[in-house]
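A.B. asks: Let me give you the structure first, and then I'll get to my questions.
The values are calculated or read from the model by the stated rules, or taken from the named source; none is laboratory data. The shown structure was predicted, so the numbers you read here are calculated from the model rather than taken from an experiment. Positions of Cβ are backbone-derived with ideal geometry, glycine not excepted, and every protein chain shown enters the neighbour counts.
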Amino acid sequence: MINHHLALLKREIWEHRSIWLTPLAISSIVILGTLTALIFAGEYAQELDVALFGAQNLVGDTERKAVMAGLFFGSSGIFFLALGILTVFYSLDSLYAERKDKSILFWRSLPVTDAETVISKLATALLVIPVAAIVAIIGTHLVNLVVTGIWVSMKGGDAGLLIWGSVPLIDNWLSMIIMIFAASIWMSPFVGWFLLVSAYTKRSPLLMAFLPLVLIPMLEGIFAHSNEFAKAVWGRLAMIPIHSGVGIENLFDEDKFELNDQMVSVLAQIDIGRFLSSGSMWAGVLICALLTFGAIYIRRFRDES
């Protein structure tokens with residue numbers, strides 16, 4: 001049974017090469033951007049010597065960790081954006097493409113149920129694509145650390161202290177993994193909706209998916225003078241209850257105005273219990289399940305012959 005479902009996931013990766021090509025392309029761009037920045041930084045030799053001296057002798061360990069954590073998440077931001085875009089286009093194309101090229105007739109001839117097929121596509125959107133992004137992010141971080149460490153050593157700096165000794169690898173990676181999968185679960189209603197549209201629409205799945213999400217808020221504002229639907233849809237990602245709610249004023253020691261050691265840890269700012277106890281999260285999972293069931297129903301009884 002496990003091999004059966006793994007085969008379905010491999011099919012998705014084989015048919016939709018963008019699942020791994022997109023993170024690979026972004027990783028290459030980020031690494032090239034790092035190399036370009038290091039090359040241009042090398043032109044400012046005097047300022048660079050001062051910066052390296054200050055970072056080694058005047059800046060504390062906590063501040064160096066804060067800077068490296070910021071650089072880590074800054075380089076990961078483009079992956080988060082691409083992850084969302086890739087998930088949208090994959091979900092809308094996954095069931096629509098097989099009907100468009102008539103490959104659905106071949107897959108229906110195999111001992112694979114409609115439920116298994118649709119659920120494999122849901123799992124690809126919510127699990128496989130995030131895993132591909134995580135692998136690409138970690139690989140990019142490691143390459144950038146190696147390149148930057150070599151560059152710092154060539155410029156006379158202590159790479160062991162400034163780079164490898166300052167970056168909180170496990171803290172950053174664990175927090176990134178938690179946030180990616182939390183966002184995947186939190187936004188799962190949209191994936192369910194995209195799968196439903198992909199199974200139903202005859203043309204232009206992108207237009208058919210987003211048209212209601214644009215028109216309904218407009219009509220709601222005109223006739224009901226409300227924006228509740230717009231906030232629930234377009235503002236949902238910003239409402240994810242994964243952070244512990246620490247304010248910026250708590251990041252510093254009140255007396256010395258220095259960074260607190262605990263505040264440097266991104267993992268310490270994540271509240272998994274708050275996320276798992278959120279009613280909105282479980283409501284979203286239920287909506288995703290209902291929409292996915294609708295996609296299974298449509299695929300099962302739709303005549304594509």
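A.B. asks: Looking only at the stretch 160-203, filter to residues that are assigned to a loop (DSSP other than H, G, I, E, B) and among the polar types (S, T, N, Q); which one of those is surrounded by the most Cβ atoms within 10 Å (Cβ to Cβ)?
C.D. replies: Selected residue: Ser166.
A.B. asks: Find the residue count for the stretch 10-58, including only residues that are closer than 15 Å to Gly139 by Cβ and at pLDDT 90 or above.
C.D. replies: 13
A.B. asks: Please go through the stretch 1-21 and give me each residue that is surrounded by 14 or more Cβ atoms within 10 Å (Cβ to Cβ) and assigned to a loop (DSSP other than H, G, I, E, B), ordered by number.
C.D. replies: Listed by number, the list holds a single entry, His16.
A.B. asks: From the list Gly273, Gly284, exactly one residue is surrounded by fewer than 17 Cβ atoms within 10 Å (Cβ to Cβ) and either modelled with pLDDT of 95 or more or within 29 Å of Ser175 (Cβ to Cβ) (or both). Which is it?
C.D. replies: Residue meeting the stated conditions: Gly273.
A.B. asks: In addition: Within the stretch 87-103, can one find any residue that is under 20 Å from the mean Cα position of the chain (by Cα), outside any loop (DSSP other than H, G, I, E, B), aliphatic (A, V, I, L, M) and modelled with pLDDT of 80 or more?
C.D. replies: Yes, the stretch 87-103 has at least one match.
A.B. asks: Follow-up. Give all pairs with beta carbons closer than 8 Å in which a residue from the stretch 224-245 that is within 18 Å of Ile178 (Cβ to Cβ) meets a residue that is among the β-branched types (Val, Ile, Thr); count only pairs at least 6 apart in sequence or on separate chains.
C.D. replies: Within 8 Å, the pairs are Ile242/Ile178; Ile242/Ile270; Ile242/Ile272; His243/Ile270; Ser244/Ile270.
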